[in-house]
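Novice: The structure follows.
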Amino acid sequence: MAEKSPMELLSFAGKNGTPLPYGSRSKGPPNKRGSWKLLIVDDEEEVHLLTRMVLKNYEFEGGGLNLLSAYSGVGARQILRDNPDVAIILLDVVMEREDSGLRLVRYIRNELGNMNVRIILRTGQPGQAPEHEVVNQYDINDYKAKTELTAQKLFTTVTSALRSWRDIQSITIRNRGLQKIINSGASLFEWHSRSEFANGVLRQLVLLANGEQGCEQDYSGLTARRRSGNFEIQYGVGSFAHLNGRNVQDVVPDATGEMVQRAERQGTDFFFNQSYVCCIRADNDEEILFLLKGGNDSQPLDKDLICIYMSNVALAFHNVNLSLEIIETQKEIIHTLGEVVETRSKETANHVLRVGKMVQLLALRMGMDPDEAAILRLAAPMHDVGKVGIPDSILHKPGALSEDEYQIMKTHTT
């Protein structure tokens with residue numbers, strides 16, 4: 001390995017080697033993790049020390065740098081596997097091998113499939129990796145000779161790379177959010193009870209709100225249905241979990257309660273203070289409420305994604321209510337037909353309804369799917385509906401039926 005000259009090493013710092021306290025003071029939101037991860041890959045300890053000195057006061061969009069160090073290509077691979085959210089790599093070319101840095105670039109792009117991390121090649125031996133050749137053949141984002149990389153240029157390079165990584169991450173997250181909306185779209189229009197529908201929508205909303213944070217619950221949420229003039233919580237997550245049956249106004253702060261009332265009056269949705277509230281009213285006056293609430297440090301809501309998703313939810317809610325109305329109408333028809341049969345055949349009151357319930361219980365005891373058993377309960381009362389076509393003289397005959405009458409009576413099953 002060629003020794004790096006003192007002038008080469010000191011080019012990272014300001015006059016007399018003193019680190020320069022540069023920093024970006026953007027008014028944008030702070031980085032979610034509180035710091036941006038930058039990986040230094042170089043086999044010279046002095047390079048790590050000087051880079052840390054120069055960047056120790058660096059700040060970008062409210063977050064400092066979390067500086068990670070690797071002294072070989074092999075070491076860098078492990079760090080990158082453990083830290084997929086590294087934003088920038090300051091990468092030396094010649095380490096344990098003459099092309100260790102270039103091999104690492106190919107590993108990052110081809111094997112890890114990480115196309116987002118910004119790779120800045122820093123070399124003290126440009127002859128080993130000519131800029132034109134490297135830029136053409138390798139997916140790197142910048143190429144710097146260490147002798148030219150002063151503290152000011154290092155600051156500028158890092159800031160530019162962070163801006164690129166931030167924007168790429170935003171696009172990536174947005175695309176994933178849109179894909180989640182597309183994937184959830186089909187399920188919205190499947191048949192649900194109102195509670196199943198609302199619970200599924202809420203879970204998806206919280207997922208969209210929490211973005212890429214995985215299991216972290218930065219946002220809490222609830223869904224409620226209007227009952228007796230109030231919104232009663234049907235399902236909640238986060239801080240609203242285990243509040244089922246409670247009145248929304250009793251469990252939210254006054255300011256949030258005012259926004260809920262506003263959404264209720266106007267039948268619309270609002271974003272406010274890291275929170276979102278939406279009230280959807282169907283044509284049959286069924287109303288459903290959704291509330292997302294985050295803390296002061298929560299990831300900002302992606303308003304566009306949520307609006308796209310909730311426009312589909314509103315359409316699906318109308319569809320669910322229409323389907324449920326059709327089902328209720330079908331149940332009423334079946335019940336009415338059952339009453340007609342009972343009246344015509346002078347059965348004991350509610351005989352056909354009891355038959356339906358017994359059939360459902362027997363089906364469940366046999367291990368039948370609950371949904372199929374419920375369909376059987378609706379269908380079973382129709383087992384005697386054919387009696388409406390049997391003449392009264394046969395249906396109400398007090399004595400035994402003749403052979404011909406018996407044959408006619410048997411036709412009620414078909």
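Novice: With the alpha-carbon atoms as the only input, what is the per residue convex hull volume for the range 310-392 in Å³?
Specialist: That works out to 103 Å³ per residue.
Novice: Need the list of aspartates and glutamates near residue 303 for cross-linking: C-alpha distance under 18 angstrom, and skip anything on the same chain fewer than eight residues off.
Specialist: Of all the aspartates and glutamates, those that pass the test against residue 303 - Cα under 18 Å, at least 8 places apart if same chain - are 167, 212, 218, 269.
Novice: At a Förster distance of 25 Å, what's the computed FRET efficiency of residue 311 paired with residue 331, Cβ-Cβ distance as r, to 0.05?
Specialist: Result of the calculation: an efficiency of 0.20.
Novice: Please compute the volume of the convex hull spanned by the alpha-carbon atoms of the range 225-355 and report it per residue in Å³. Present the calculation step by step, with values, prior to reporting the outcome.
Specialist: On the way: hull volume 19.2 nm³, N = 131.
With only Cα atoms used, the range 225-355 gives 147 Å³ per residue.
Novice: Any idea which of 370, 343, 400 is furthest toward the positive side of the dipole for the range 285-414, if Lys and Arg beta-carbons carry +1 and Asp and Glu beta-carbons -1?
Specialist: 400
Novice: Can you give the log10 of the normalised intensity I(q)/I(0) at q = 0.11, 0.23, 0.26 Å⁻¹, computed with Debye over equal Cα scatterers of the range 229-297?
Specialist: -0.25, -1.09, -1.35
A short reminder: the numbers here are calculations on the coordinates, not readings from a lab. Because the structure is predicted, anything quoted here is derived from the model rather than measured. Cβ: placed from backbone, ideal geometry, glycine included. Neighbour counts: every protein chain shown.
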